Amino acid sequence: MPLTHKAASSKRKRPVYREVQMSGRGKRRLGKQSKPTDPSDMYMLADIIPFESASGPNSRSHARSSARDVPAATSRAIAWATLLPSLMRAYIEGYGIQEPKSEELAPVPGPICSCVDKSSHTVTCIFKCGIANYDIVYCKKCPEYRLPLVLLRSHLFPMTPEVPGIAIHVKQMFSLNNMFYKCGTSIHKIARWAEDEYEQKAPASLKGRLNEALPVYNRVVLSVKKELREKSGVVLGCAGCRFMSGPKPIAMDGNFQHRRFARNKDPEGVVYPGDDAENSRYWSISPDETIHYPGSASDGCETFSALQKQGGQSKKIDQTGIFGCACSRHGYPVSLVDMYTPGEQFSYVLTGLLKVINNQSYGSNIMLQYDVGCKIKTALENTPSLACIKDAPIAVGVWHITGHKPSCQIKYRPRLVKHFGLTDGETLERMWSFLSSMINMCRNMSPMNRRLTLTLALDAYAAQRINNIGSLIQRKHKRAVDMLDHAILTLQNAGYMGNLSALEESWNNHVDNIEGRFSAGTARIKRVADARERLRVAVGIFDIIDQAFKNGNNGNNRTQNLAAQKETAYKQIKKKLDIYNKIATRNTVIGFRGTYGDDVKAIIALNSDFRNDCNMLTTMDSNAPYDAYHGLQRAIEEFAMLKDEAASVIKHGKDIVNKLDVVVNVPSPNDIRERGMIVMWKKQLEEARRWAASQEEKLSGIADGSKIPVIFKGSATCIITSYE
């Protein structure tokens with residue numbers, strides 16, 4: 001049971017909090033902060049940081065001189081790292097004493113040791129609703145009752161690890177943390193905001209102290225969440241993938257905007273306990289998780305050279321970017337790898353995949369989607385640690401496949417490859433967009449803080465994806481129904497709905513002939529084919545920009561930028577068209593139409609001869625509805641995947657609720673730390689129940705099959721007979 005004031009007085013003495021002055025939101029303004037007059041109140045760094053002992057009478061002076069030899073920032077970093085496990089315990093114990101409340105305006109009394117000789121220090125306490133100075137009683141002799149730990153048990157996060165002159169309430173720290181990490185508000189602007197909010201000048205040291213304390217606060221919170229998960233058995237991961245029985249698509253991509261300057265280094269000798277283990281949820285930072293692949297990227301399409309870039313490395317750049325793997329269906333981040341080279345080398349791809357298959361939610365039951373997926377098959381076959389996924393289905397994202405040569409498109413376009421449904425493979429582009437606000441912030445950070453910042457951003461992005469997963473699956477279901485309607489109507493009008501086996505045979509023959517249709521044997525054919533391919537890529541780029549330009553939600557600046565890009569892309573089409581016409585005129589080739597004229601508008605028209613010639617889903621002598629045929633097949637696969645995902649989400653919610661139910665329904669412990677964990681678990685249980693009920697309401701019809709079209713298998717293919 002929680003210690004009452006009377007019970008505490010008979011067991012342990014409580015710290016004395018003497019209010020000096022109050023200010024902010026109707027309170028009196030804060031006067032000049034008093035300074036401690038007793039020299040013994042100056043808490044020595046050597047009392048926190050363990051130094052090597054020196055024999056002889058001068059051992060104390062040797063330790064103090066060693067502390068002075070260490071730079072101040074490094075000393076504080078070492079002190080924070082040493083204090084971190086104790087801060088984590090104190091944070092939990094604070095919840096065991098009393099759950100933090102936003103309206104608090106005084107430190108919450110907590111336990112204190114029974115030592116007679118205690119110290120007192122005046123601390124400026126910043127709450128959500130005001131600022132106050134309090135004399136905080138602590139003990140120098142007892143490690144668990146040092147000033148920072150006494151403050152944190154009272155729901156006040158210390159701004160320094162030694163003798164903090166400023167402490168911020170944990171509810172306000174949560175708000176400031178969101179302002180800095182999620183909203184991208186600078187520390188300087190936060191200090192200016194505090195001055196306006198509390199109607200007084202912020203303490204001069206607030207900016208510098210907050211800049212150091214925010215990362216430590218996040219490490220404390222992450223460590224607490226990790227301990228809560230481990231003791232309750234709750235598993236983090238994509239709710240839609242965790243209990244799927246079928247293969248789970250994984251998207252991969254690199255981002256070279258998230259580079260980091262080499263001038264900022266981690267403090268020497270600073271290791272935060274548990275920090276690597278917590279960050280390893282996403283990051284491959286252990287040497288055992290790194291795969292070094294010496295092979296070249298000669299396989300596949302020569303149009304893409306992302307895996308073959310050489311040179312361009314700057315001495316001023318340490319990390320050149322990050323390579324990521326994420327759930328391709330729901331966008332949940334799975335693994336990240338720091339890149340140190342100009343291109344997306346095989347080592348990063350394979351290291352990221354090793355992290356994926358070691359994740360208990362995925363394992364080897366995966367499919368792969370990558371911008372240059374046509375190049376990674378050989379690398380998977382030659383990597384023993386990834387032998388379990390060497391035969392995994394591979395596709396290229398729908399945005400990038402148009403840049404590949406026709407032979408690659410016919411093999412790796414996700415709309416033509418079995419098992420992928422309507423998965424577009426571009427989920428990482430959405431994640432990079434979410435992380436774009438962190439680019440400038442992270443470039444000047446140390447490696448340790450950069451990884452922490454991106455981990456926090458990934459946690460926020462993952463929470464956003466999980467919170468909206470029910471609505472996402474509903475939208476996917478509606479899209480699959482629309483595609484199914486269109487495919488059936490088209491096939492019926494073409495007379496193929498009752499004879500899909502003949503259409504399937506015709507398509508297989510078309511695939512066999514596609515290599516000869518778009519590529520070539522002689523130099524003359526190759527010149528014409530390459531020129532037309534470059535023209536096709538230029539038209540594809542124009543189409544992407546034009547589609548974005550027509551989006552009604554674009555702002556003024558984006559509309560102007562897209563208009564300029566569209567004009568540039570139009571000029572590129574004109575340039576490539578002129579080149580193609582010249583080559584086609586000089587090299588007449590049977591099977592090619594020849595020149596297309598000088599009118600660019602005729603080229604980019606929806607039903608132009610050029611588009612028809614470059615469409616792999618059409619043939620020169622047939623108008624077979626291959627597009628509708630593949631739309632039907634992918635829609636059928638999509639419905640099966642959606643049913644599997646919806647059932648997984650519902651089961652995931654019930655699993656979390658059941659595990660949290662077990663840990664909260666125990667007799668009330670006497671230990672305040674255990675009480676604190678139960679308070680946190682109860683809060684998590686309330687949120688889990690609300691989320692699980694919401695997802696079940698949205699997805700029950702899809703999970704039980706009542707909203708899935710009725711399908712039966714015919715002679716060689718699946719036929720839709722009825723659907724709601």
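The values are calculated or read from the model by the stated rules, or taken from the named source; none is laboratory data. Nothing here was measured: the structure is a model prediction, and the numbers come from that model. We place every Cβ from the backbone using ideal geometry, glycine too, and count neighbours over all the protein chains shown. Please note that ligands, DNA and RNA were not included when accessible areas were found on the heavy atoms of the full protein model with its side chains. Shrake-Rupley method; radii C 1.70, N 1.55, O 1.52, S 1.80 Å.
Side notes on the structure shown:
- Counted charge near Leu562, where neighbours are those whose Cβ lies closer than 12 Å (Asp, Glu -1; Lys, Arg +1): +1
- Stretching the chain fully between Asn365 and Ala460 yields a gain of 31.5 nm (0.36 nm per residue, less the alpha carbon separation).
- Multiplying the residue separation of Cys115 and Lys571 by 0.36 nm and removing their Cα-Cα distance gives an extension gain of 156.0 nm.
- Here the accessible area of segment 625-685 is 55 percent carbon and sulfur, with a 1.4 angstrom probe and all protein chains present.
- Counted charge near Leu368, where neighbours are those whose Cβ lies closer than 12 Å (Asp, Glu -1; Lys, Arg +1): +1
- Cβ-derived FRET efficiency at R0 35 Å, Asp482 paired with Ala693, nearest 0.05: 0.75
- Legend: distances between Cα atoms for Lys118/Lys207; Lys575/Lys601; Lys316/Lys375; Lys226/Lys659; pairs beyond 21 Å are Lys118/Lys207; Lys316/Lys375.
- Nitroxide proxy distance, nm - points 7 Å out along Cα→Cβ at Glu381 and Asp671: 5.6 nm
- Taking amide H positions as modeled 1.01 Å from N, with prolines and chain starts lacking one, the residues under 5 Å from Asn133 and 5 or more places away or on another chain are Val20, Gln21, Cys125.
- Highest mean first, the peptides 435-441, 343-349 sorted by other C-beta atoms within 10 Å per residue fall in the order 343-349, 435-441.
- ³J(HN,Hα) computed for each position of segment 435-451 - Karplus, 6.51 cos²θ - 1.76 cosθ + 1.60, integer Hz, glycine/proline x: 7, 4, 5, 8, 4, 5, 5, 7, 5, 9, 8, 6, x, 5, 6, 5, 5
- Cα shape, segment 331-431, gyration tensor, a/c 1.5 rule: rounded
- If R0 is 41 Å, the Cβ-Cβ spacing of Ala563 and Ala494 corresponds to a FRET efficiency of close to 0.55.
- Protection-proxy order for peptides 254-265, 142-153, 399-410, each taking the mean of Cβ atoms within 10 Å per residue, highest first: 142-153, 399-410, 254-265
- Nitroxide proxy distance, nm - points 7 Å out along Cα→Cβ at Lys682 and Lys189: 3.9 nm
- Estimated inter-spin distance, Asp704 and Ser205, nm [label 7 Å along Cα→Cβ]: 6.3 nm
- The length gained by stretching the chain between Glu230 and Glu429 to full extension, at 0.36 nm per residue less their Cα-Cα distance, is 68.5 nm.
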